[in-house]
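Asks: Have a look at this one before I ask anything.
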Amino acid sequence: MATRVGVRLIPVDRETGQARVLSDLGAHVAWYGPMPRWGKARDAKPAALLEEIERSGLRGRGGGWFPTARKMRAVIASAAERSSMSSGRKPVLIANAMEGEPASTKDAVLLSHAPHLVLDGMVAAAAAVGAKEAYIALHRGSAVIAVVDAAIAQRKDPVKIRLITPPARYVASEESALAHWAGNGLAVPVFDERPFEHGMNGRPTLVQNAETLAHLALIARHGGQWFADRGDPQAPGTTLVSVGGSVAYPGVIEVPTGTPVDEILRLCGGLTGPVDALLTGGYGGAWVRRDELLAVPWSPEPVSAVGGVIGAGILWALSSQICPMDEIASVAHWMAGESAGQCGPCRFGLPSVADDLALLAGDRVTSEDTARLKRRLGLVINRGACKHPDGVVRFVSTGLHAFAPEVAMHLNGRCGATAITSPRQQGRLPLPAGREIPVKAPGKDFQ
Amino acid sequence: MTGPEKVRQLVLDPTLCAAHGMCADVLPEVYELDEWGYPVSVSGGLRTPIPAELVSAAKRAVRSCPVRALSLHKP
Ligand SMILES: Cc1cc2nc3c(=O)[nH]c(=O)nc-3n(C[C@H](O)[C@H](O)[C@H](O)COP(=O)(O)O)c2cc1C
Ligand code: SF4
Ligand code: SF4
């Protein structure tokens with residue numbers, strides 16, 4: 001990671017240009033400065049902190065870019081309503097550091113370099129909504145469990161922070177699934193339950209992405225105006241991007257929101273070969289053709305205007321030498337296996353879509369197969385308890401659109417890709433070990 | 001405003017629905033079954049606006065679902 005103006009979260013050393021590892025609390029405080037004790041001092045009331053968060057314009061970095069202050073106010077309102085009605089249920093905070101998207105590495109990079117920043121953010125978020133309990137969720141087997149564990153052990157916080165490790169399943173990190181699991185349920189999404197009203201054990205639950213909380217830790221130090229002074233005013237601040245595929249230096253980079261995509265790619269050493277389209281947002285995201293994306297500012301609204309999605313901040317340049325049909329089919333198959341198997345259209349629809357795509361990736365596909373695929377894509381959308389199937393549909397539909405010339409070639413029994421696609425070589429989309437599909441019902445592996 | 005007034009909302013919980021298909025028999029104006037036997041609403045999603053003239057049929061559909069996946073709400 002090279003020295004650059006604009007980096008806030010990642011502790012990049014100005015002299016060496018390297019990112020430092022601030023796992024020691026003393027080194028962390030020396031780098032970022034001390035955390036003000038929000039919620040304690042008379043002039044540092046939670047309401048004042050909430051105002052700073054509002055002023056900052058911070059939007060969540062877990063995928064939805066939802067305004068953080070608005071979600072916090074909803075949690076507070078729900079808790080107030082409860083306490084006037086019944087025994088009064090205190091809000092809970094869950095830091096979502098699950099990083100379910102296989103092409104995303106930003107939360108792990110952030111936690112391995114600045115674990116205390118995320119934990120500071122948890123303290124601030126808990127103070128803002130009045131939570132006395134806070135959990136940080138890392139997926140089982142995550143590489144940063146030890147770092148986070150050691151960081152928690154060094155601290156004395158006004159709120160008790162506990163590390164939890166839900167199963168490493170794509171949908172386990174959806175917020176209602178996370179809250180359900182934390183309350184001793186299965187890690188599966190719950191229909192029609194919004195965690196801010198009814199989350200862990202029925203309590204108002206604030207779920208925020210790890211990066212969102214790191215930004216919050218800096219807002220708690222420097223104020224909302226400071227935060228809002230950088231980046232796109234519609235979605236201010238800096239943001240982490242996991243850049244992968246056909247670039248010279250794949251990895252995580254921090255840029256102000258609104259940085260043009262070609263600038264982000266240039267900071268990663270540029271494209272290393274021909275690329276027809278890039279994947280934005282991950283496997284629940286969208287493909288955009290290169291010529292339509294390069295000049296676009298990396299910020300939610302401009303990216304969605306060209307059919308893309310920032311989501312959890314993923315940008316993957318797929319080499320033109322790799323068959324995109326094969327990539328899309330493999331990812332769809334993996335995503336089908338990640339369904340919680342609760343909702344029919346997801347449980348049966350996604351494997352069917354994956355089967356159609358496997359035909360398309362081969363050389364005997366017919367126009368009937370593609371017509372059936374398109375019909376099924378229309379059938380699966382908007383019918384699940386969570387957005388998992390909708391994300392897959394977007395990933396596939398935008399892929400068929402962005403790679404229309406390749407679809408046409410496959411229909412003619414040809415493939416334009418030159419690379420030998422087996423074994424999986426560099427530049428192909430990552431696929432963690434998957435499961436057998438179809439899923440029957442959420443079972444042991446969601447415990 | 002166009003179309004008839006929507007007075008209720010019929011909500012389908014997809015985690016409960018087990019493709020019994022009664023709803024499509026009782027309320028063909030709203031649901032048809034997909035290739036896997038699960039109901040697809042005319043409105044596309046899980047929440048279907050129900051006009052006054054269909055409210056009693058919708059109530060029957062709610063009662064006929066063996067797993068109580070359907071519920072009728074004021075919008
Ligand atoms: C299928 C699915 C998977 C998700 N996975 C993650 C994840 O791995 N990490 C994350 O922070 N948010 C994930 N989300 C989004 C969360 O539900 C939630 O919106 C987010 O953690 C809120 O944090 P934020 O407001 O700070 O962005 C996922 C959502 C869905 C529908
Ligand atoms: S839509 Fe799919 S992943 Fe989401 S809850 Fe239903 S079965 Fe599970
Ligand atoms: S009757 Fe109930 S279980 Fe059967 S298809 Fe309709 S909603 Fe699903």
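The values are calculated or read from the model by the stated rules, or taken from the named source; none is laboratory data. These numbers were taken from a predicted model, which means no experiment stands behind them. Glycine also receives a Cβ, built like all others from the backbone with ideal geometry; neighbour counts cover every protein chain displayed. The area values use the complete protein model at the heavy-atom level, side chains included, leaving out ligands, DNA and RNA. Shrake-Rupley method; radii C 1.70, N 1.55, O 1.52, S 1.80 Å.
Asks: Taking the 0 to 90 degree range and rounding to the nearest ten, how far is the long axis of helix A:46-56 tilted relative to the main principal axis of chain A, both from C-alpha atoms?
Replies: The angle comes out at about 40 degrees.
Asks: Starting from the 7 Å offset along Cα-to-Cβ, what nm value, one decimal, do you get for the label separation of B:LYS74 and A:VAL21?
Replies: 6.0 nm
Asks: Which parts of the stretch A:184-216, residue by residue, lose 20 Å² or more of accessible area when the rest of the protein chains are there, as against the chain isolated (1.4 Å probe)?
Replies: Those residues are A:PHE191, A:ASP192.
Asks: Put a dot 7 Å past each Cα toward the Cβ at A:ALA30 and B:LEU16; how far apart are the dots in nm?
Replies: Between B:LEU16 and A:ALA30, the simple spin-label model gives 6.0 nm.
Asks: From the square roots a ≥ b ≥ c of the eigenvalues of the alpha-carbon gyration tensor of the stretch A:256-309, which class results: rounded (a/c under 1.5), prolate (a/b over b/c), or oblate?
Replies: It is oblate, given that a/c is not under 1.5 and a/b is not larger than b/c.
Asks: If a paramagnetic tag sat 7 Å from the Cα of A:ILE164 along the Cα-Cβ line, which residues of the stretch A:195-222 would have the backbone N under 15 Å from that point?
Replies: Once the point is set 7 Å along Cα→Cβ of A:ILE164, A:195-210 turn out to lie under 15 Å by backbone N, inside the stretch A:195-222.
Asks: Assuming a ≥ b ≥ c are the square roots of the Cα gyration tensor eigenvalues, decide whether the stretch A:220-262 counts as rounded (a/c under 1.5), prolate (otherwise, with a/b larger than b/c) or oblate.
Replies: Judged from the Cα gyration tensor, the stretch A:220-262 comes out prolate (a/c at least 1.5, a/b above b/c).
Asks: A further question follows. What range in chain A is the longest one free of GluC sites (Glu not before Pro) that are in a loop by DSSP and have at most 14 other Cβ atoms within 10 angstrom? Don't skip to the end; give the middle numbers.
Replies: On the way: sites that count: A:GLU15, A:GLU436.
So the longest stretch without any such site is A:16-435.
Asks: Just for the stretch A:232-319, what percent of DSSP beta bridges are antiparallel, to the closest 5?
Replies: Around 80 percent of the beta bridges assigned by DSSP in the stretch A:232-319 are antiparallel ones.
Asks: Could you work out which residue, out of A:VAL247, A:VAL29, A:VAL188, moves most in a Gaussian network model of chain A, that is, has the largest mean-square fluctuation with Cα springs under 10 Å?
Replies: A:VAL29
Asks: Residue separation times 0.36 nm, minus the C-alpha to C-alpha distance between A:LYS90 and A:LYS132: what's the value?
Replies: So the extension gain works out to 14.4 nm.
Asks: Measure nothing fancy, just the Cα-based angle from helix B:55-64's long axis to the longest principal axis of chain B, in degrees from 0 to 90, nearest 10.
Replies: 20 degrees
Asks: Considering only DSSP beta bridges where both residues belong to the protein assembly as shown, give the percentage that are antiparallel (nearest 5).
Replies: Percentage antiparallel, nearest 5: 60.
Asks: Ok, one more. Which percent of the Cα-Cα distances in chain A go past 39 Å? Intermediate values should be presented prior to the final figure.
Replies: Values: 19663 of 99681 pairs.
Roughly 20 percent, rounded to a whole number.
Asks: Could you work out how far apart the two model spin labels at A:GLU301 and A:ARG266 are, taking each label as a point 7 Å from the Cα in the direction of the beta carbon, and quote it in nm?
Replies: A separation of 2.5 nm, rounded to one decimal place.
Asks: Where the accessible area of the stretch A:342-395 is counted over protein heavy atoms with a 1.4 Å probe, how much of it, in %, is carbon and sulfur?
Replies: 49 percent
Asks: Mind pulling the angle between the C-alpha long axis of helix A:324-337 and the longest principal axis of chain A? Nearest 10 degrees, somewhere in 0 to 90.
Replies: Long axis of A:324-337 versus the principal axis of chain A: about 50 degrees.
Asks: For the stretch A:214-245 and the stretch A:288-360, what is the separation of their C-alpha centers, rounded to whole Å?
Replies: 27 Å
Asks: Could you tell me which of rounded, prolate or oblate describes the stretch A:32-81, using a ≥ b ≥ c as the square roots of the eigenvalues of the alpha-carbon gyration tensor, with rounded for a/c under 1.5 and, failing that, prolate when a/b is larger than b/c and oblate otherwise? Don't skip to the end; give the middle numbers.
Replies: Working: a/c = 2.39, a/b = 1.24, b/c = 1.93.
Taking the square roots of the gyration eigenvalues as a ≥ b ≥ c, the stretch A:32-81 is oblate.
Asks: Further question: Given the options A:LEU111, A:LEU379, A:LEU213, state which has the largest fluctuation in a GNM of chain A using a 10 Å cut-off (strictly under) for Cα springs.
Replies: In the Gaussian network model the winner is A:LEU379.
Asks: On to the next question. Per DSSP H run of n ≥ 4, the term is -39500 (n - 2.57); total these for chain A, divide by its residue number, and report the mean residue ellipticity at 222 nm rounded to 500 deg cm²/dmol. Please report the intermediate quantities before stating the final value.
Replies: Numbers: 18 runs with 181 residues, N = 447.
That calculation yields -12000 deg cm²/dmol at 222 nm.
Asks: Before we go on, tell me the buried accessible area for the B/A pair, both chains summed, 1.4 Å probe, in Å² to the nearest 100.
Replies: Between B and A, the summed buried area is about 1300 Å².
Asks: Another question about this same structure. Using a Gaussian network model of chain A whose springs link C-alpha atoms within less than 10 Å, name the residue from A:VAL241, A:VAL275, A:VAL129 with the highest mean-square fluctuation.
Replies: It is A:VAL275.
Asks: Next up: Gain in length, A:LYS444 to A:LEU411, computed as 0.36 nm per residue apart minus the alpha-carbon separation, to one decimal in nm?
Replies: Details: separation 33, 0.36 × 33 = 11.88 nm, distance 4.09 nm.
Going from the current span to full extension adds 7.8 nm.
Asks: What accessible area per residue, rounded to a whole number of Å², is obtained for the protein assembly as shown using a probe radius of 1.4 Å?
Replies: 42 Å²
Asks: Multiplying the sequence separation of A:GLN426 and A:ARG37 by 0.36 nm and subtracting their Cα-Cα distance, what value in nm do you get?
Replies: Taking 0.36 nm per residue and subtracting the Cα distance, the gain is 135.3 nm.
Asks: Which FRET efficiency value, to the nearest 0.05, is calculated for A:TRP226 and A:ASN184 with the Förster distance at 45 angstrom and r the Cβ-Cβ distance?
Replies: 0.65
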